[in-house]
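The values are calculated or read from the model by the stated rules, or taken from the named source; none is laboratory data. Please read these numbers as outputs of a predicted model, since none were measured by experiment. For neighbour counting, all protein chains shown are included, and Cβ atoms are generated from backbone atoms with ideal geometry for every residue, glycine included. Each accessible area value is taken on the protein alone, full model and side chains, heavy atoms only, with ligands, DNA and RNA left out. Shrake-Rupley method; radii C 1.70, N 1.55, O 1.52, S 1.80 Å.
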Amino acid sequence: MAARWSSENVVVEFRDAQATAMSVDCLGSHAVLSGRRFLYMVNLEAPSEPPRKISRQSKWDVGTVQWNPHKLESHVFAASSNQRVDLYSWRDGCGDVHTSLQGHTRVISDLDWSWFEPEFLVTSSVDTYIYIWDTRDTRKPTVALSAVAGASQVKWNRKNQNLLASSHDGDVRIWDKRKPNTAAEYVAAHLSKIHGLDWHPDNEFILATSSQDNSVR
């Protein structure tokens, strides 16, 4: 069936939110907007309704936020601020932090949930480390990848559960979590910093990058 697009849209203003990041859950029912003092939960089936709020206790803005992509864990989302990731649970109109991940020594630049294992989350940082966390045991990362250079983006492969990619200035590194000591492949992708990175949804060997050099590859 061909996709059908509609020009119908709803505009809702959240002037007090001052949101720095946003994510929509895998069911398409809720969006989270991350502000300095609150996380705003928007019901997408009734977006004009006042959003619910989850209080935040941090002086740092949220850098990135992402819902778990698995339906059984669709109530869970992760939000990074400075060197920490907080894992939130949202059920029946109420939400709170149920655990935190702490291991990075510099600002966390990106995070991404595994497409295969709902408990696995990867984080990247300016501190040159990429950590793979098992949220069932948050005391320390289960895998540490040392990249020498700080990473700005990190993404799990959508077809191969062991592969992930990270961006470092204009380069991309491909990692196999079973062999964490060194990257499996290096790609000199751009002349300037990479700001966007993602894998093809159906082909494990294809990824796309966007860069400050005004190109997408």
**Asked** Accessible area, 1.4 Å probe, largest first: how do Cys26, Cys94 sort?
**Response** Cys94, Cys26
**Where Tyr186, Tyr88 fall by accessible area, highest first, once all protein chains stay in place (1.4 Å)** = Tyr186, Tyr88
**Complete:** Candidates Asp25, Asp86, Asp16; GNM for the chain (alpha-carbon contacts under 10 Å) flags as most fluctuating Asp16
**Message:** Could you tell me the center-to-center distance, by alpha carbons, between the stretch 44-83 and the stretch 141-217 in angstrom?
**Reply:** 25
**Message:** Using the basic label-point model (7 angstrom from Cα toward the beta carbon), what is the Asp92 to Val12 distance in nanometres?
**Reply:** 2.3
**Item:** Electrostatic dipole magnitude of the chain [Cβ: Lys, Arg +1; Asp, Glu -1; Cα centre; debye, to 20]
**Value:** 440
**Message:** Rolling a 1.4 angstrom probe over the protein chains, ignoring ligands and nucleic acids, what is the accessible area of Ser100 in square angstrom, nearest 10?
**Reply:** 40
**Item:** Accessible area of the chain divided out per residue, in Å², using a probe of 1.4 angstrom
**Value:** 57
**Message:** I need the calculated FRET efficiency for the pair Asp202 and Ser55, taking r as the beta carbon distance and R₀ as 45 Å, to the nearest 0.05.
**Reply:** 0.65
**Request:** Would you kindly find the accessible area of Glu117, with a 1.4 Å probe and non-protein molecules such as ligands, DNA and RNA excluded, rounding to the nearest 10 Å²?
**Result:** 50
**Request:** Compare Val12, Val65 by solvent-accessible area with a 1.4 Å probe and give them largest first, with all protein chains kept in place.
**Result:** Val12, Val65
**Dipole of the stretch 145-217, positive direction: furthest Cα of Ser192, Trp175, Gln161, with charges on the beta-carbon** = Gln161
**Asked** On the accessible surface of the stretch 1-109, probed at 1.4 Å, how many percent belong to carbon and sulfur atoms?
**Response** 47
**Request:** Residues in the stretch 111-130, backbone N under 17 Å from the label point at Glu73 (7 Å along the Cα-to-beta-carbon vector): list them, ranges by number please.
**Result:** 111-124
